[in-house]
Amino acid sequence: MFLALLRTQWRWCRTIILPGAVLLAAVPFLMLRDVTAAMIPMEVMAVVRAWSPLFPGLAALLGLLVALATWAPDRRGQHIHALTLPVARWRYILFRFGGGILLLGIPILAFALAAWLAVQWTPIPDGLAAYPWSLAFRFALGTSLAFAIFFAILSGTPRTAAIILGVLVAVAACDIVLKLFLPQTGLANDLLGVLLTGPGPLALFAGRWMLIDV
Amino acid sequence: MSSWRLVAALLLVAGRSAAAQGSSPLAEEIARLERRVDSMRVEQRHATALVAAAGTVVAPARSVATLDLIRVGGFQIRANRSPLPVTAAAEEAWRQLGGYFGDELAQLPLRPILVEGTHPDSNGGSLEEKADLVIRWDQSVGSLVAQLIGAAGPDPLDADLEQWLGGRPRPGSGTVAALAKARDQLVLAPFSTGHDCVAGDLIACRGALRLGPADGWAAQSFPEPGDRRQVALLVGRTRSGALAAGVERCLGARDDESCSAVVRAVDISALPSVADQATRRTLLDAALRRGGAGAYHRLRATPSPAMEVRLAAAAGVPIDTLLADWRVEMVQAVRTVTPWSTKIGVAGIGWLVVFLACALWSSRWRAD
Amino acid sequence: MARRLIFTLAGVTAALLALIAYSVVVGKYMIRRPGWSPGGRAQVGSRAAKVEFHLNDAEIRLQVMRLRQAIEDSLRTRAATDTTTLVVAVKAEGWRSKEATEAMRRSMQEEWAALGLSVTKVAVGVVVIDRQTARSWAHYLAVGADDPSVYYVLPDSLTPGTCLAIVSAPFIPAAANVIDVGRLRENVRPWLGPCAYYARFGIPGPRVARWLTQRNFDLALYPDWVERGPDTLPLFPGLSPRGESRGWYWDVIYFMSPDAVGCLAGRATACREALRERPTLPGREEPWIFGQSTNSWRFAHQRVTGGDRFLGAVAREVGTRRFQEFWHTTLPVDSALTVALKAPAGAWAAKWERTVAEPPRLGPAPSLGELLVAVALMLFAVGVVARGAARREVV
């Protein structure tokens, strides 16, 4: 059953997985393209830092797209086919989730190999070191987390999505209203801070995504 | 030469050599450097004369660009040829100075300065220490105006005013943003006089802004027991000895007598300020605007240890009137800086409706 | 199917082009050398400019020598009952009043006494000059520091028993005879610098002297062998990825050298490398004057973060007797430090750095906490979905 579901999931997700793998494989080479042997550590760090915000964004985007592709056919068919399958529902969910994670392994592996190859060909100044596997691991974790979050949101009813969206809009509205009377406050900013700084749930995305570091 | 003269000459020479041997190495080094400096000065005169004769300009370091003299109002600016809008900025700066100092500007000469415009990608100019301002030429006129005023602006030599302001008086603090910031600063200050001033208590404003004579600042700025405790908390961090004991009693036992004693014991200059320098500048700006062209002259011509007397003289109105108007301006400035308009409200509601419609457009809710 | 393929390919191409464009932007605008470099001599071109340059250099030397002479004269003529070998002379315009000079002298004397110093073998002279003068000197003297605020002239053949510290006058206005004595005391604390070490422990052995000279005395700027409080970086009290200075934290960190960052992150090998003696370049002239700037300029050039207090911390740790032995050692400096500290120098320095600032987490590997939170969140998400699916009905 799992293999059958995986095959259908692959058909739905391959237009995201394959291009994603190609793009992710290109990123480390593009990033390190300008690094030469004449550069001092600070310059190399400047290049790496300029690219590092891209990685959490790519991880989140990949997770979102794969989650969308995973649930889109079921949503179109109002989950009728899925719910008529001879498998317990919780198992079905696990199979879908596991399939998504497995398929995400393809672009992640491509990224890891590309990062490793790119640093082999790059002259890294003394005092700095390359972390291709650590970065790949972080990327894998970030992509999986994003996939899980969007998997959960997208599996819900439109009402669930509306509630989530409504909460976000309400936070933004409260932020605006509060600022009128207390200009120093920043509710949205503070909430983002809580989410993105440790031990917040999304702290992983705000951390260090440096392929080359001290 | 007779024999005694010869002996005297020999003794003189012997004495000198003995003195030379007895002088310290440091003194000898100083003498050597003095001789070197003297000979280098002679060489410098020769070199400068040669350069003048050859008609070339002495380059202090790398080659020096041609400098143009820009005269705008009282500004005398030498600037290199670059896209930097020096003339436009000088015109605007002169206009601002005229509006600020009024008729008194004629008595306050500006310092001639040298401005060098540099390429935005470069790390420095070629004139090195000679240039008063080294500015990247991608900067805006507004930023350049502030720098010109800062570098060449008049120095009225008014020690009391400068001490109250924390620097030379200069225009730029009458803007809406500055007033809004002043209001925020007073509201967020940890002292009651700040909040009360914004709320409308003019006596609190006098205390917060230190408008009275210096010997009354402590009592006027910190009238409440909570204020004095806060002062003790702030100054107590860096103190030791007898003062530390007083701070301990003030904060631990919440004894107001001890808190008051701490406030009295601290130097005036070490007391925390309720209103910061930027806030005080906005009041001065308000007084000068109110008083017109002769305001600054009256401010200078009024000798008084209390700023309130001088500001009232500058504005030409009683200090309470000035403070009341200034307070209203501050409150209005906040509303201007953070505007709430019907457009934004309608847009926000509109988006809500759009998202709700998206959410409801679902097969789950439709009957078919 | 074909249409999907075309759209997919178009999307991939567009994304690739965007990435390439981004890499061009990064290459053009973001790779930039740091905006400052340690102070070097101004370059001169024409003969007249050369003469002017050398004249200024000679005049500065002469000024400094005269200051040394004045200090020597003061020391020679001091009273027999005088219990210190510290002389303070104030030349700065804003501090010339009697009250200001007296306040300055008193603060320095108090600081001298607080360090446990009285009559020492190496006397110390402190001369306070105008900031503008200090800056104009920096233009002609290659002292290896941007905008130096203090110059040190160490004991040499000219004055073998005196160390001179020439400092920029502090910003505290001394007008109206009201001087914030507390703030003044805080300002004068680092003025003595290496001169205090010379006064307390004598002239160092040749190895330590060469080591400190090579580094411009960066580890001996704060005489702090008296327990006074933590070594936490005073200029950036929020230096932490979670503190109020979070926004610029990583900018500041990566302006520092890799050894300094590695040592701050707790790597003993990086600390050892940062403390190591470097081989002396042949033909290099021994400088006659050293300049140092305040921490705000020096911060990115430090080889050991907070290093101005490093030797003070070592002295506190090992005690003054063992520190004296280290000061006169003939061993390589890192070995001498290890002997004095009774612990590997690199490891001790890494441990000490944790008291200076919060160690940055280097490299992209997620922490255990992040990993656990992510996994927990994933399990939670899947659990929520499974539960929801169990309740779903086909209508």
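Name the single residue that is surrounded by the most Cβ atoms within 10 Å (Cβ to Cβ) among those in segment C:69-102 being within 14 Å of chain B (Cβ to nearest Cβ) and touching a helix residue (DSSP H, G or I) at 6+ places or on another chain (Cβ under 6 Å).
My answer is C:Gln69.
Inspect all residues belonging to segment C:7-29 and state whether any of them is in the same structural domain as C:Ala169 (by TED's automatic domain parsing) and at pLDDT below 75.
Among the residues of segment C:7-29, not one is in the same structural domain as C:Ala169 (by TED's automatic domain parsing) and at pLDDT below 75, which makes the answer no.
Is segment A:122-144 home to any residue that is part of a loop (DSSP other than H, G, I, E, B) and under 23 Å from the mean Cα position of the chain (by Cα)?
Scanning segment A:122-144, I find at least one residue that is part of a loop (DSSP other than H, G, I, E, B) and under 23 Å from the mean Cα position of the chain (by Cα), so the answer is yes.
So if I check each of A:Ala67, A:Ala88, which one is touching a helix residue (DSSP H, G or I) at 6+ places or on another chain (Cβ under 7 Å), within 11 Å of chain C (Cβ to nearest Cβ) and of a type in the set (A, V, I, L, M, F, W, C)?
Working: A:Ala88 fails: touching a helix residue (DSSP H, G or I) at 6+ places or on another chain (Cβ under 7 Å).
Only one candidate passes the filter, namely A:Ala67.
Can you name the condition, by its number, that B:Arg254 falls short on among (1) loosely packed, with under 15 Cβ neighbours inside 10 Å; (2) part of a helix (DSSP H, G or I)?
Looking at each condition in turn, B:Arg254 falls short on (2).
For (1) within 12 Å of chain C (Cβ to nearest Cβ); (2) out of contact with any helix residue (DSSP H, G or I) (no Cβ under 9 Å at 6 or more places or on another chain); (3) closer than 30 Å to C:Thr269 by Cβ; (4) modelled with pLDDT under 85, each residue gets a yes or a no:
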{"site": "A:Ile106", "(1), (2), (3), (4)": "no, no, no, no"}
{"site": "A:Ile124", "(1), (2), (3), (4)": "yes, no, yes, no"}
{"site": "A:Tyr131", "(1), (2), (3), (4)": "yes, no, yes, no"}
{"site": "A:Arg138", "(1), (2), (3), (4)": "yes, no, yes, no"}
{"site": "A:Leu145", "(1), (2), (3), (4)": "yes, no, no, no"}
{"site": "A:Phe150", "(1), (2), (3), (4)": "yes, no, no, no"}
{"site": "A:Ile153", "(1), (2), (3), (4)": "yes, no, no, yes"}
{"site": "A:Val167", "(1), (2), (3), (4)": "no, yes, no, yes"}
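Take residues that are on the phi < 0 side of the Ramachandran plot, within 19 Å of the chain's Cα centre (by Cα) and crowded, with 18+ Cβ neighbours inside 10 Å and tell me which of the helices (runs of 4 or more DSSP H) falling wholly in segment A:1-110 contain 3 or more.
Per the criteria, A:2-31, A:41-51, A:54-76.
If we keep just the residues of segment B:173-226 that are touching a Phe, Trp or Tyr at 6+ places or on another chain (Cβ under 9 Å) and of a type in the set (Ser, Thr, Tyr), which is farthest from B:Pro318 (Cα to Cα)?
The qualifying residue farthest from B:Pro318 (Cα to Cα) is B:Ser192.
Okay, residues lined up against (1) under 26 Å from C:Ala315 (Cβ atoms); (2) assigned to a helix (DSSP H, G or I); (3) free of Cβ contacts under 8 Å to residues at least 40 places away in the same chain; (4) out of contact with any strand residue (DSSP E or B) (no Cβ under 8 Å at 6 or more places or on another chain):
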residue: C:Asp73; (1), (2), (3), (4): no, yes, yes, yes
residue: C:Ala79; (1), (2), (3), (4): no, no, yes, yes
residue: C:Val88; (1), (2), (3), (4): yes, no, no, no
residue: C:Ser107; (1), (2), (3), (4): yes, yes, no, yes
residue: C:Glu111; (1), (2), (3), (4): yes, yes, no, yes
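Could you list, ordered by first residue, the pairs with Cβ atoms under 6 Å in which the first is in segment B:281-308 and farther than 15 Å from B:Val328 by Cα and the second is outside any helix (DSSP H, G or I), at least 6 apart or interchain?
From residues that are farther than 15 Å from B:Val328 by Cα, the pairs are B:Arg281/B:Ser173; B:Gly291/B:Gly316; B:Pro305/B:Pro213; B:Ala306/B:Gly212; B:Ala306/B:Pro213; B:Met307/B:Leu211; B:Glu308/B:Leu211.
For segment B:303-315, which residues satisfy the criterion of being more than 14 Å from B:Gly166 (Cα to Cα) and at pLDDT 85 or above?
B:Ala306, B:Glu308, B:Val309, B:Arg310, B:Leu311, B:Ala312, B:Ala313, B:Ala314, B:Ala315 - these are the residues of segment B:303-315 that are more than 14 Å from B:Gly166 (Cα to Cα) and at pLDDT 85 or above.
Right, C:Leu212: touching a Pro at 6+ places or on another chain (Cβ under 8 Å), modelled with pLDDT of 90 or more and not acidic (Asp, Glu) or not? First the steps, then the outcome.
Numbers: touching a Pro at 6+ places or on another chain (Cβ under 8 Å): yes; modelled with pLDDT of 90 or more: yes; not acidic (Asp, Glu): yes.
When the stated conditions are applied, C:Leu212 passes them.
Any residue in segment B:90-104 that is polar (S, T, N, Q), at pLDDT below 85 and in a helix (DSSP H, G or I)? Write out each step before concluding.
Pass one, segment B:90-104, residues polar (S, T, N, Q): B:96.
If we keep only those that are at pLDDT below 85 as well, we get none.
For segment B:90-104, residues polar (S, T, N, Q), at pLDDT below 85 and in a helix (DSSP H, G or I): absent.
Pick out the one residue from B:Arg170, B:Arg111 that is among the basic types (Lys, Arg), surrounded by fewer than 17 Cβ atoms within 10 Å (Cβ to Cβ) and not assigned by TED's automatic domain parsing to the domain that holds B:Arg281.
Going through B:Arg170, B:Arg111 in turn, just one is among the basic types (Lys, Arg), surrounded by fewer than 17 Cβ atoms within 10 Å (Cβ to Cβ) and not assigned by TED's automatic domain parsing to the domain that holds B:Arg281: B:Arg111.
Which of the residues spanning segment A:128-153 are of a type in the set (Phe, Trp, Tyr) and over 25 Å from A:Ile40 (Cα atoms)?
Those that are of a type in the set (Phe, Trp, Tyr) and over 25 Å from A:Ile40 (Cα atoms): A:Phe137, A:Phe139, A:Phe147, A:Phe150, A:Phe151.
Scanning segment B:283-294 for residues that are modelled with pLDDT of 90 or more and of a type in the set (A, V, I, L, M), which turns out nearest to B:Leu209 (Cα to Cα)?
B:Leu283
The values are calculated or read from the model by the stated rules, or taken from the named source; none is laboratory data. It should be emphasised that the depicted structure is a prediction, and the values quoted were computed from it without experimental measurement. Virtual Cβ from ideal backbone geometry, glycine too; neighbours counted across all protein chains shown.
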